[in-house]
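The values are calculated or read from the model by the stated rules, or taken from the named source; none is laboratory data. Since we're looking at a predicted model, the values are computed, not measured. In this analysis, Cβ positions are derived from the backbone assuming ideal geometry, glycine residues included, and neighbour counts consider all displayed protein chains.
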Amino acid sequence: MSVYQQSITPQHQPPIPPDALKTSDILSNPVNFNGKTVKVFGKVTELGKLRCTCFTLDNKPINVWYLHDDVNLYPTEIEDKINNGDYVVATGKFVYDNSTGGGDIQLENIVEIWIGI
């Protein structure tokens, strides 16, 4: 996990890495990404507020699970290292959820973090 010591103001977001998807890219056609490993850029939201070892990106119906069956990033690898408002690039397997129109990302790695204010 790499951290850029670049703070951003609430009205600005860092540039999206060219090899990353936006949450809106996935949500525009979630079935297309079902079962595939995705690399997604977004702002951490709902960390510590949900009843799960997960958080959302951009307040959208995409849950990023950091403790799951296939690969585990333990809470100590996430908690106190990222916060709500930080921008991240999360990599993991996307699983579509027909009931919400969104889905879950089974987190394998957080490759970049920009610290929010």
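What the table below lists for this structure:
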{"read-out": "Subset of region 45-66 [acidic (Asp, Glu) and within 9 Å of the chain's Cα centre (by Cα)]", "value": "ASP58"}
{"read-out": "Matching residues, region 11-36, being among the polar types (S, T, N, Q), outside any loop (DSSP other than H, G, I, E, B) and more than 15 Å from the chain's Cα centre (by Cα)", "value": "SER28, ASN32"}
{"read-out": "Residues of region 21-34 satisfying the condition of being out of contact with any strand residue (DSSP E or B) (no Cβ under 7 Å at 6 or more places or on another chain) and not hydroxyl-bearing (Ser, Thr, Tyr)", "value": "ASP25, ASN29, ASN32"}
{"read-out": "In region 106-117, residue surrounded by the most Cβ atoms within 10 Å (Cβ to Cβ) [restricted to those that are within 11 Å of the chain's Cα centre (by Cα) and modelled with pLDDT of 70 or more]", "value": "LEU107"}
{"read-out": "Selection from region 55-105 of residues that are modelled with pLDDT under 85, farther than 24 Å from VAL31 by Cβ and surrounded by fewer than 15 Cβ atoms within 10 Å (Cβ to Cβ)", "value": "TYR74, PRO75, THR76, GLU79, ASP80, LYS81"}
